[in-house]
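See structure below.
The values are calculated or read from the model by the stated rules, or taken from the named source; none is laboratory data. Predicted model only: the values in this text are computed from it and were never measured. For neighbour counting, all protein chains shown are included, and Cβ atoms are generated from backbone atoms with ideal geometry for every residue, glycine included.
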Amino acid sequence: MKTTLLFLFVIFSISLFAQTTSIPDEGFEQALIDLGIDSDQSINGQVLTSDVASVTSLDLSWNMIDKITGIESFISLEVLNISNAHLYYYNTALDLSSLTNLRELYFDGYGDVITNSATKVILSNNPNLEFISAIGNWPLEILDLKESDLNISNLELWLGDYDGWTGEPIPVCVEVTNPTEATNDQGIYSSWNMYGPMNFSSDCNLGTLNKQQITAELYPNPVREQFQIQTSKEIKEVNLYSLNGKEVAKFNVQRAYDISQLPAGIYFVQILTSKGTATQKLIKN
């Protein structure tokens, strides 16, 4: 009987150790290899779950990462730095709510240079949060703390950006359970320390933001020489950024945008219109 139980325990342990977590983004997996976390040291779209489950601190700053799919398996993570990591979650949400042990999140940008593109970050099941920094990260519109906020007694919050030309504040909408108390530093929010332009709402999707996102499509994409922009809004300016955040081209409104002189690669196209801004990824062959 004891032999049978021992055999079953060994089989269970081997099965648990052999479980894998999908890491489809090569940039993310390469970062895990460079940090010595991915034990097989090869780009194969996966890591052993046992490699990541015990990681408590993860610094992905200044990497070339598109998505961090698989981060949900970092169940022990307490400190996450994704500042200037070139994440691309524009017009969608970066959901970190599964990281229930998370205490510190660094998600800073680099001002006018795009080094992260995420419209919304969800932290709705993270009761241990103590520090969040997302300054200079102008694409960020919404920080969802609703439900988590009921369990956070002390929080230091650094958010928002300022327009590089006009100096006007670009606030982040913070989604909370009681926006009136948050605005007036009352209740549970009285112990929070908040810095930078931000406002509060129980539903940030109802248009509490002062900047408006518009829909725009690029075609052809991928492109060899010229691309066009399809949008119902009046285009004022088009800026092109490389993956490392450097501005490589600037255009006034025109029918087609010639990038034949640029090397092949991935670029971000920032489209400024009379009604708002859009950013799209462009692949040049």
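Quick one: is Glu104 surrounded by fewer than 22 Cβ atoms within 10 Å (Cβ to Cβ), of a type in the set (D, E, K, R) and touching a residue at least 24 places away in the same chain (Cβ under 8 Å)? Yes; evaluated as a whole, the condition is true for this residue. Taken residue by residue, the stretch 131-152 has no member that is over 30 Å from Ile266 (Cα atoms), among the small types (Gly, Ala, Ser) and surrounded by fewer than 20 Cβ atoms within 10 Å (Cβ to Cβ). Looking across the stretch 232-285, the residues that are among the charged types (D, E, K, R) and part of a loop (DSSP other than H, G, I, E, B) come down to Lys233, Glu234, Lys246, Arg255, Lys275.
When each of Asn84, Asn126, Asn137, Asn101 is tested for being in contact with a helix residue (DSSP H, G or I) (Cβ under 7 Å, 6 or more places away or on another chain) and not in a strand (DSSP E or B), the lone residue that passes is Asn126. Restricting Leu48, Leu16, Leu8 to residues that are more than 16 Å from the chain's Cα centre (by Cα), over 30 Å from Ile135 (Cα atoms) and at pLDDT 95 or above narrows the list to Leu48. Looking across the stretch 169-202, the residues that are part of a loop (DSSP other than H, G, I, E, B) and surrounded by 13 or more Cβ atoms within 10 Å (Cβ to Cβ) come down to Pro171, Val176, Thr177, Asn178, Trp192, Gly196, Pro197, Ser202. Can you tell me which residue is farthest from the chain's Cα centre (by Cα) among those in the stretch 108-141 that are at pLDDT below 95 and of a type in the set (D, E, K, R)? Across the stretch 108-141, the extreme among qualifying residues is Asp112. Considering only the stretch 52-66, I want to know if a residue exists there that is of a type in the set (Asp, Glu), surrounded by 14 or more Cβ atoms within 10 Å (Cβ to Cβ) and touching a residue at least 40 places away in the same chain (Cβ under 8 Å). Yes, that holds for at least one residue. Considering the stretch 18-57, the residues that are of a type in the set (A, V, I, L, M, F, W, C) and not in a helix (DSSP H, G or I) include one that is nearest to Ser73 (Cα to Cα), namely Ala53.
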